[in-house]
Amino acid sequence: MNKFLLMAVAAICSLPTMAQKADSLVFTTVLENPVTSIKNQNNSGTCWSYSALAFLESEVLKKDPSKTDIDLCESFLVSKTYTDRADRNVRTHGDASFSQGGSFYDAIFCMERYGFIPEGIMPYPITPYGDSLFNFTNFFPPMEAYIKAIATSNAKKINPIWKKDVQGMLDNYFGQCPTEFEYKGKKYTPQSFVKDYLQLDPNDYVSLTSYTHHPFYSQFVLEIQDNWRWATSYNLPLDEFMRVMEESVKNGWTFAWGADVSEDGFSRRTGKNKCVATVPDTKATAGVGSDQSRWTGEKAGAKIAQADAAGEKVITQEMRQEGYDNWTTTDDHGMQIYGIAKDQNGKEYFMMKNSWGEYGPYKGFWYVSKPYVAYKTMNIVINKNAIPKDIRKKLGI
């Protein structure tokens with residue numbers, strides 16, 4: 001009798017622990033496409049550089065799986081981009097913003113115009129400040145102030161020497177961008193490295209988004225400050241936008257993912273499900289067929305499936321647009337989507353590679369729910385060959 005009593009007590013005592021475990025998400029990989037190692041942008045606003053190059057490194061691996069050590073240089077891309085951005089800022093008298101941020105298109109533009117170099121050719125970064133990782137605390141504010149002074153000057157004529165001053169600031173921190181270098185026993189220019197070693201074609205890459213203030217299946221300039229090159233994105237309805245992302249990953253592709261990460265559901269510091277992004281459903285009426293959907297004008301096909309949104313809000317096209325229009329969806333962060341996983345309940349998530357070092361329980365990787373992606377994605381950059389043929393036809397690409 002005492003034996004059975006002890007077993008019963010033990011079972012009761014274990015219930016809270018079992019409940020706690022059941023409440024924590026446990027992920028199983030469904031599929032994952034090759035990615036390179038986790039990097040750390042550290043104290044800099046250069047996520048756009050890290051994520052775009054991570055995506056392009058996976059593009060190299062897709063073409064040639066033997067190039068597992070491919071590591072492209074962020075310093076080269078950032079230095080070239082800031083030079084161009086300073087010029088645009090001055091030419092527009094400060095109206096085109098100058099900041100640490102950028103867009104995925106900056107990497108595509110750099111690849112086409114200037115090329116790329118591998119990591120290790122330039123110092124990473126150069127060491128006057130004693131940095132082992134990017135730290136723009138001392139370097140960036142003086143340069144930003146100098147460019148602002150030139151751009152907003154009342155002078156009737158600007159001495160072009162300012163460009164050399166800015167380039168000197170960049171060179172002092174990142175080192176000079178090489179015009180020629182040796183890699184694995186062969187000499188390259190940055191342009192020939194792209195063409196001959198990486199074998200990447202800038203024309204293969206397009207930006208996609210999904211908003212209703214421009215016609216679907218057209219291109220428009222996404223109205224965000226860091227899109228300072230005024231690059232265009234193809235506009236898709238939400239259901240087709242999600243289909244591109246899901247099918248591309250399932251067919252062996254990755255993509256660069258730009259999104260708002262300021263939401264409470266993007267769990268980075270606290271809670272049992274750290275490094276998971278969701279859109280918690282705090283209203284029992286949320287979802288398809290509810291009063292809420294009637295008031296918001298929800299349309300068939302303009303939402304993600306309820307099964308994908310179990311325990312979360314069902315995201316509609318109207319919700320996406322409202323978030324963009326009222327600034328609750330903002331252009332925060334660039335990342336890479338590379339795989340799909342399931343939790344213990346069978347619900348699917350995208351697998352995301354971040355650039356915050358080996359942070360969190362998954363050592364730099366995250367799990368992002370489909371509702372979060374549907375709601376908070378600003379745009380993606382993807383290989384046009386990864387887009388389903390019927391959607392490509394609608395876009396004319």
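The values are calculated or read from the model by the stated rules, or taken from the named source; none is laboratory data. As the structure is a prediction and not an experimental result, all values here were calculated from the model. Backbone-built Cβ (ideal geometry, glycine too); neighbour counts: all protein chains shown.
Here are some notes:
- Out of Ser132, Ser97, Ser79, sole residue that is farther than 17 Å from Ser192 by Cα, of a type in the set (Ser, Thr, Tyr), at pLDDT below 95 and surrounded by 15 or more Cβ atoms within 10 Å (Cβ to Cβ): Ser97
- Boolean, Lys184 is within 23 Å of Ser37 (Cβ to Cβ) and modelled with pLDDT of 95 or more: yes
- Among the residues of segment 32-39, not a single one is buried (at least 23 other Cβ atoms within 10 Å of the Cβ), in contact with a Phe, Trp or Tyr (Cβ under 9 Å, 6 or more places away or on another chain), among the hydrophobic types (A, V, I, L, M, F, W, C) and in contact (Cβ under 8 Å) with a residue 12 or more places away in the chain.
- Residue in segment 204-211 that is at pLDDT 95 or above, over 16 Å from Lys376 (Cα atoms) and surrounded by fewer than 17 Cβ atoms within 10 Å (Cβ to Cβ) present: yes
- Index of the failed condition, Asn354 passing every other in (1) buried (at least 24 other Cβ atoms within 10 Å of the Cβ); (2) among the polar types (S, T, N, Q); (3) out of contact with any Phe, Trp or Tyr (no Cβ under 9 Å at 6 or more places or on another chain): (3)
- Residue match in segment 340-354 (condition: under 18 Å from the mean Cα position of the chain (by Cα) and not in a strand (DSSP E or B)): yes
- Scan of segment 139-167 for residues that are small (Gly, Ala, Ser), exposed (fewer than 14 other Cβ atoms within 10 Å of the Cβ) and at pLDDT 95 or above, ordered by number: Ala145, Ala149
- Of all residues making up segment 212-239, the number that are touching a residue at least 24 places away in the same chain (Cβ under 8 Å) and within 20 Å of Trp48 (Cβ to Cβ): 11
- Search result, residues across segment 355-385 that are part of a loop (DSSP other than H, G, I, E, B) and in contact with a helix residue (DSSP H, G or I) (Cβ under 9 Å, 6 or more places away or on another chain): Ser355
- Matching residues in segment 46-95 - criterion: being outside any helix (DSSP H, G or I), free of Cβ contacts under 8 Å to residues at least 60 places away in the same chain, within 26 Å of Ala386 (Cβ to Cβ) and of a type in the set (Ser, Thr, Tyr): Ser66, Thr68
- Condition check for Gly258: closer than 24 Å to Lys342 by Cα, modelled with pLDDT of 90 or more and surrounded by fewer than 17 Cβ atoms within 10 Å (Cβ to Cβ): no
- Candidate set: segment 185-203, residues that are of a type in the set (D, E, K, R) and more than 30 Å from Glu240 (Cβ to Cβ); chosen: the one surrounded by the most Cβ atoms within 10 Å (Cβ to Cβ): Lys195
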